[in-house]
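Chemist: Quick one: structure below, then a few questions.
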Amino acid sequence: MLVVMKADATEADVARVCDWIREKGYTPQPMPGAQRTAVGLVGNDGRVDGSTLEDLPGVAEVIHVSNPYKQVSREWRPENTLVTIAPGVVFGGNDVPIIAGPCSVESEAQILASARAVKAAGAVALRGGAYKPRSSPYSFQGLGKKGLELLALAKRETGLAIVTEAMDDEGAHLVAEYADCLQIGARNMQNYSLLKTAGKIGKPVLLKRGMAATIQDLLLSAEYLLAEGNTQVILCERGLRSFDTTSRNLFDLTAIPVVQSLSHLPIVADPSHGTGRRDKVLPMARAAVAAGADGILIEVHPQPEKAMSDGAQSQTPDQFTETVQQLRRVAQAIGRRITGPL
Ligand code: PEP
Ligand code: MN
């Protein structure tokens, strides 16, 4: 339930509403906004009759959020949430940041070459997994802490923000020491314990849609983060498992405008995992920017044929350079801009 205050409501009016909610045994959540203050009440199990609140001074209206997800919904917060992962790297505004880098951190030479290449091409954040969720236990599992240290080195050298995956509760605290934004991967989208931990840590989170998750599932997972007090959440469409084997996943472009109408959180597109094929990344990245994505995530490897994971979908530095140039033109055509100096 959301209590929307009138534009001229006083602090005392807001405090009275908060007291009323506390008396009923709930925790009020005042949210000052650009136009008006709203006070949230989460977890109303039917015991609270909102209509009596409407009579309190300064109250404009009481909205019953009908969706099962509350705090992530547009009803809860009409304005876009801006998620800032590093100075100048903001998701949810008019600018569209690009996150790029290899699937996995493999070595110092590999991550530094990747970081330099993606920065030169126009990316503002470096991605790369130090902890990898692999389908097979015999596949490369990532360099672990050493990988995080190499990401820190790449950040020192290039100034790029770091986005990297946390796979479990314990690891999340360590990853948070190095990352500007914690990635929670598709396989962990419904790891509720990890979501609660990441919510408590409070660093920005990139939450990827599970490969068989509905948009409602995705938004409910994001709700776990907001319920712990972390509003710095970026959602990510990365393709769904389908019956068709011509691409690795079925990239759900529609998810972009759908999420934007249901939620105030930014949504980023990942055409690399979305297609699984490097030659399909450019057209789908263009389509994602045209569809209104709030950011783009692309896997880039200095030598994709030697990559220890996801080589088939990783662009070469030259392909990525061309991609960013084309994305700049698409963004401009819809009145947006790819984040960066140019
Ligand atoms: C990744 O970003 O490399 C990754 C493992 O992604 P996903 O969780 O979407 O499969
Ligand atoms: Mn990958």
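Chemist: Enumerate by residue number the chymotrypsin sites (Phe, Trp or Tyr not before Pro) in the range 237-342 meeting two conditions: DSSP loop (anything except H, G, I, E, B), and at most 12 other Cβ atoms within 10 Å of the site's Cβ.
Modeler: Working: sites: 243, 251, 320; in loops: 243, 251.
Listed in order of number, the matching sites are 243.
Chemist: What residues have an amide H closer than 5 Å to that of residue 74, excluding those fewer than 5 places away on the same chain, when H is modeled at 1.01 Å from N in the peptide plane?
Modeler: Close amide H contacts, sequence-distant or interchain: 263, 264.
Chemist: How large is ³J(HN,Hα), in whole Hz, for each residue of the range 76-82 in order, when computed from phi with the Karplus curve 6.51 cos²θ - 1.76 cosθ + 1.60 and θ = phi - 60°, using x for Gly and Pro?
Modeler: 5, 9, x, 7, 4, 7, 9
Chemist: How high is the FRET efficiency from residue 156 to residue 279, r the C-beta distance, R0 41 Å, rounded to 0.05? Walk me through the numbers on the way to the answer.
Modeler: On the way: r = 34 Å, r/R0 = 0.83.
In this case the efficiency is close to 0.75.
Chemist: Can you work out the FRET efficiency for the pair residue 22 and residue 187, with r the C-beta to C-beta distance and R0 = 56 Å, to the nearest 0.05? If you can, show how the numbers build up before the last one.
Modeler: Values: r = 40 Å, r/R0 = 0.71.
Efficiency at R0 = 56 Å is approximately 0.90.
Chemist: Write down the percent of antiparallel bridges among all DSSP beta bridges whose residues are both part of the range 83-338, to the nearest 5.
Modeler: Among the beta bridges of the range 83-338, antiparallel pairing accounts for roughly 15 percent.
Chemist: If I take every Cα pair under 8 Å that is 6 or more residues apart in the range 2-63, average their sequence separation and divide by the length, what percent do I get for the relative contact order? Kindly include the intermediate steps, with their values, before the conclusion.
Modeler: On the way: 97 pairs, mean separation 30.1, N = 62.
Relative CO of the range 2-63 lands at 49 percent.
Chemist: Please name which of 267, 216, 332 has its Cα lying farthest along the dipole of the chain towards the positive end, using unit charges on Cβ (Lys, Arg +1; Asp, Glu -1) and the Cα centre as origin.
Modeler: So the residue we want is 332.
Chemist: How long is the gain from residue 306 to residue 261 if the chain were fully straight, where each residue apart is worth 0.36 nm and the alpha carbon distance is subtracted?
Modeler: Values: separation 45, 0.36 × 45 = 16.20 nm, distance 4.08 nm.
My answer for the length gained is 12.1 nm.
Chemist: Roll a 1.4 angstrom probe over the protein heavy atoms and tell me the percent of accessible area of the chain that is carbon or sulfur. Let's see the in-between values first.
Modeler: Numbers: 7460 of 14260 Å².
Carbon-and-sulfur percentage of accessible area, whole number: 52.
Chemist: Note down the magnitude of the dipole of the range 2-63 about its Cα centre, charges +1 on Lys and Arg C-beta and -1 on Asp and Glu C-beta and zero elsewhere, to the nearest 20 debye. Before the final figure, lay out each step's value.
Modeler: Details: 6 positive and 10 negative charges, 33 e Å.
Result for the range 2-63 is approximately 160 debye, rounded to the nearest 20.
Chemist: So who's got an amide H within less than 5 Å of the one on residue 61, skipping anything under 5 residues away but keeping other chains? H placed 1.01 Å off N, in plane.
Modeler: Amide H to amide H, under 5 Å and 5 or more residues apart or across chains, residue 61 pairs with 4.
Chemist: Using only Cα atoms, locate the centre of the range 172-238 and the centre of the range 318-333, then give the distance between them in Å, rounded to an integer.
Modeler: Rounded to whole Å, the Cα centres lie 28 Å apart.
Chemist: Which sequence of 119, 203 reflects their accessible areas, 1.4 Å probe, from the largest down?
Modeler: Working: 119 100, 203 65 Å².
From most exposed to least exposed: 119, 203.
Chemist: Quick one: how many lysine pairs does the chain have with C-alpha atoms less than 16 Å apart and a gap of 8 or more or different chains? Give me the count, please.
Modeler: Numbers: 119/155; 132/145; 132/146; 132/208; 145/155; 146/155; 196/208.
Close lysine pairs found across the chain: 7.
Chemist: Might you report the magnitude of the Cβ-based charge dipole of the chain about its Cα centre, with Lys and Arg at +1 and Asp and Glu at -1, to the nearest 20 debye?
Modeler: Working: 36 positive and 37 negative charges, 186 e Å.
With Lys and Arg at +1 and Asp and Glu at -1, about 900 debye.
Chemist: Also, I was wondering about something else. So how do 125-135, 44-54, 8-18 stack up, highest first, on mean other-Cβ count within 10 Å? If you can, show how the numbers build up before the last one.
Modeler: Details: 125-135: 22.9, 44-54: 11.7, 8-18: 15.5.
Peptide ranking by packing, descending: 125-135, 8-18, 44-54.
Chemist: Counting heavy atoms of the protein chains only and a 1.4 Å probe, report the per residue accessible area for the chain as a whole number of Å².
Modeler: Numbers: 14260 Å² over 342 residues.
Here the residues of the chain average 42 Å² of exposed surface.
Chemist: Still on this structure: Please report how far the C-alpha centroid of the range 40-116 lies from that of the range 1-20, rounded to the nearest whole angstrom.
Modeler: What the calculation gives is 22 Å, centre to centre.
Chemist: Right, something else. Per residue and in Å³, how big is the convex hull formed by the alpha-carbon atoms of the range 182-330?
Modeler: Numbers: hull volume 16.6 nm³, N = 149.
Enclosed volume per residue, from the Cα hull, is 112 Å³.
Chemist: Do the sum for the chain: with -39,500 (n - 2.57) for every DSSP H run of n ≥ 4, divided by all residues, what is the mean residue ellipticity at 222 nm, to the nearest 500 deg cm²/dmol? If you can, show how the numbers build up before the last one.
Modeler: Working: 10 runs with 118 residues, N = 342.
Calculated from helices alone, the mean residue ellipticity at 222 nm is -10500 deg cm²/dmol.
Chemist: May I ask you to give the average projected area over all directions of the convex hull of the Cα atoms of the chain, in nm² rounded to one decimal? Present the calculation step by step, with values, prior to reporting the outcome.
Modeler: Details: hull surface 71.2 nm².
One quarter of the hull surface, i.e. the mean projection, equals 17.8 nm².
The values are calculated or read from the model by the stated rules, or taken from the named source; none is laboratory data. Since the model is a prediction, treat every value here as computed from it, not as a measurement. Here Cβ is always computed from backbone atoms with ideal geometry, including for glycine, and neighbour counts include all displayed protein chains. Ligands, DNA and RNA are stripped out before the accessible areas are found, and what is left, the full protein with its side chains, is counted by its heavy atoms. Shrake-Rupley method; radii C 1.70, N 1.55, O 1.52, S 1.80 Å.
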